[in-house]
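**Q** This structure is in structure tokens; I'll ask about it shortly.
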Amino acid sequence: MQGNRFMRDDEYLGLDGLALAGLLRSGDVSSSELMAIAIGLARTRGAALNAIRYERYDESQALADDWRPRGAFGGIPFLLKDSGLASLRFPSSNGSRLFADARAAQDATLIGRFDQLGFIPFARTTVPELCMAPTTEAVQNGGATLNPWDRTRSPGGSSGGAAAAVAAGIVPIAHGSDGGGSIRIPAACCGLFGLKPTRGLVPMGPIKGEGWGGLACDGVLSRTVRDSAAAMDGIGGWEDGSPYAAPTGAGTYLNAITERPSRRMRVLVWRTAFENMPVAAECLAAVEKAAALCRALGHEVIDASPPPLDYRAFVQAHITVLATNIVLASNARLKVLGRAFQDGDLEPAMADGYRVGQTLGAGDYAAAIQQFHTVGRVMQGALSGADLVLTPTLTQLPAELGWLQMSGTLQSFRERVATYANFLAVINASGQPAANVPLDCTPSGLPVGIQLIGRFGRDDQVMQMAAELEEAAPWIGRRPAFDAARPAIAA
């Protein structure tokens, strides 16, 4: 079904999801037309960035041709992360040769919620193996996924393909997930808004109850705060049988970001990393810019430091939980394949994790979960008397490709990750909401993000402050110049 006018690619690239939905409601464009544009961009930009997997272009175009508008987004193109989110339409590899072309027996609850929101998935986006890296360089993908701002650098991970696709304009919003920064890292690398919601807000069922001992959650990456707010209104909420439940307010997140806070917020600013790990000057400058904007908006900004925390013990607990989950997932897959583990099934760090995981006992796992709970109490306590914490998202600029590849042991690999994503995984342990806000960039145009951390269940306050910052210093007009033959940065 054709809209009342022809939409050009440059128009599509300049609009967020809710703006496209408005054109759908007015009849100016059709879902069919939007899908054709998105698929065209996926074939060119997506291919150049190595960001797209499991394309279902013809099938998805046919769905869009007959789509009946519904939900906040009407019927816009959408991408699912190749994270194993169960979908009858799309196989998944989880970025791994061992898991290649895995099929699900039923849709995840989240798939149904995406459908009711008016999202039409047409492919999956690339991830690192088992979604366990802050970069997207899986062997299964045939090479690295590239950052559209600078193709010598990583787009982040594990939602790296999703971030690259949104930054490149293929879709305005895409599915992501976060078990240690996997939404916030790529959002920071690619200049996007990315919210890790409160634990239990977004359902993981009906097949799973939790991921990685409660660390993992699903969400979206978007170019505007309002798109994420509208998405969270549709996908958030209790699912029968869930092991966790997040507090929810009476209103909607979309309404929350359009209303000014009823009082000024108290914002703590952390400039030092756990274990005093170094933080790049550009990342600290972005924090100073955000703090100044918060003050100018009338909020109380308080210099503070991260709470005392045995960060090394937390990193070790994280490694323990990842290793046990490598074994759990791999053995389940091997049972389906009817064979034993073989050399080459997993990349070196993950294969080492499989070996390590087999040596761990129930006591090791229980102690790791207890460590997560300790971190949760410390982190929530750190916000006593405050509403938000402002930190750098990453401790350095987007990593150069190759630095975070899954080489060596799981231990050495995760220790490198802990220096890069120092402020992030602790929030997965605490279950608090946190978001990357793409407030700044280097003179050459490379994105630099800041993180807002909220109190448990106060996703509304995180998004509210992010929306205020977006209004004060808009970023949607910053887009990477796209030339498939040229790897340079363009502002």
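The values are calculated or read from the model by the stated rules, or taken from the named source; none is laboratory data. These numbers come from a predicted model, not from an experiment. Glycine gets a Cβ as well: all are built from the backbone with ideal geometry, and neighbour counts include every protein chain shown.
Here is a yes/no grid of residues against (1) polar (S, T, N, Q); (2) surrounded by 16 or more Cβ atoms within 10 Å (Cβ to Cβ):
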| site | (1), (2) |
| --- | --- |
| 240 | no, no |
| 252 | yes, yes |
| 277 | no, no |
| 283 | no, yes |
| 296 | no, no |
| 301 | no, yes |
| 314 | no, yes |
| 332 | no, no |
| 337 | no, no |
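**Q** I've got another one for you. May I ask you to verify whether residue 422 is part of a loop (DSSP other than H, G, I, E, B), touching a helix residue (DSSP H, G or I) at 6+ places or on another chain (Cβ under 6 Å) and at pLDDT 95 or above? Talk me through it step by step, then tell me what you get.
**A** Numbers: part of a loop (DSSP other than H, G, I, E, B): yes; touching a helix residue (DSSP H, G or I) at 6+ places or on another chain (Cβ under 6 Å): yes; at pLDDT 95 or above: yes.
Yes.
**Q** All but one of (1) surrounded by 18 or more Cβ atoms within 10 Å (Cβ to Cβ); (2) under 23 Å from the mean Cα position of the chain (by Cα); (3) more than 30 Å from residue 143 (Cβ to Cβ) hold for residue 115; which doesn't?
**A** Unmet condition: (1).
**Q** Could you check how many residues of the range 339-353 are surrounded by fewer than 18 Cβ atoms within 10 Å (Cβ to Cβ) and outside any loop (DSSP other than H, G, I, E, B)?
**A** Total meeting the criteria: 1.
**Q** Give the residue that is nearest to residue 395 (Cα to Cα), with candidates limited to residues of the range 265-311 that are in contact with a helix residue (DSSP H, G or I) (Cβ under 8 Å, 6 or more places away or on another chain) and assigned to a helix (DSSP H, G or I).
**A** 274
**Q** Kindly list, by first and then second residue, each pair from a residue in the range 332-344 that is at negative phi to a residue that is aromatic (Phe, Trp, Tyr) and assigned to a helix (DSSP H, G or I), limited to pairs with Cβ atoms under 8 Å and residues at least 6 apart or on different chains.
**A** Taking only residues 6 or more apart or on different chains, the pairs are 341/354.
**Q** Can I ask one more? Check off (1) at pLDDT 95 or above; (2) part of a helix (DSSP H, G or I) for residue 88 and give me the number that stays unchecked.
**A** The failed condition is (2).
**Q** Do you know which residues across the range 111-168 are β-branched (Val, Ile, Thr), under 16 Å from residue 44 (Cα atoms), touching a strand residue (DSSP E or B) at 6+ places or on another chain (Cβ under 8 Å) and not in a helix (DSSP H, G or I)? Step through it out loud before you land on a result.
**A** Step one: of the range 111-168, the residues β-branched (Val, Ile, Thr) are 111, 120, 125-127, 135-136, 139, 145, 152, 166.
Then drop every residue that is not under 16 Å from residue 44 (Cα atoms), which leaves 125-126, 145, 166.
Checking which are touching a strand residue (DSSP E or B) at 6+ places or on another chain (Cβ under 8 Å) leaves us with 125-126, 166.
Within the range 111-168, 125, 126 meet the criteria.
**Q** So, one more: Among the listed residues 375, 389, which satisfies the condition of being assigned to a helix (DSSP H, G or I), under 30 Å from residue 459 (Cβ atoms) and in contact with a Phe, Trp or Tyr (Cβ under 9 Å, 6 or more places away or on another chain)?
**A** Values: 389 fails: assigned to a helix (DSSP H, G or I).
Only one candidate qualifies: 375.
**Q** In this structure, is residue 300 among the charged types (D, E, K, R) and more than 23 Å from residue 381 (Cβ to Cβ)?
**A** On the way: among the charged types (D, E, K, R): yes; more than 23 Å from residue 381 (Cβ to Cβ): no.
The answer is no for residue 300.
Okay, residues lined up against (1) without any contact (Cβ under 8 Å) to a residue 60 or more places away in the chain; (2) buried (at least 22 other Cβ atoms within 10 Å of the Cβ); (3) more than 20 Å from residue 320 (Cβ to Cβ):
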| position | (1), (2), (3) |
| --- | --- |
| 377 | yes, no, no |
| 389 | no, yes, yes |
| 398 | no, yes, yes |
| 411 | no, no, no |
| 421 | no, yes, no |
| 438 | no, yes, yes |
| 443 | yes, no, yes |
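**Q** Are there helices (runs of 4 or more DSSP H) fully within the range 8-59 with at least 2 residues that are in contact with a strand residue (DSSP E or B) (Cβ under 6 Å, 6 or more places away or on another chain)? List them. Talk me through it step by step, then tell me what you get.
**A** Values: elements: 9-13, 17-26, 31-41.
Helices (runs of 4 or more DSSP H) meeting the threshold: 17-26, 31-41.
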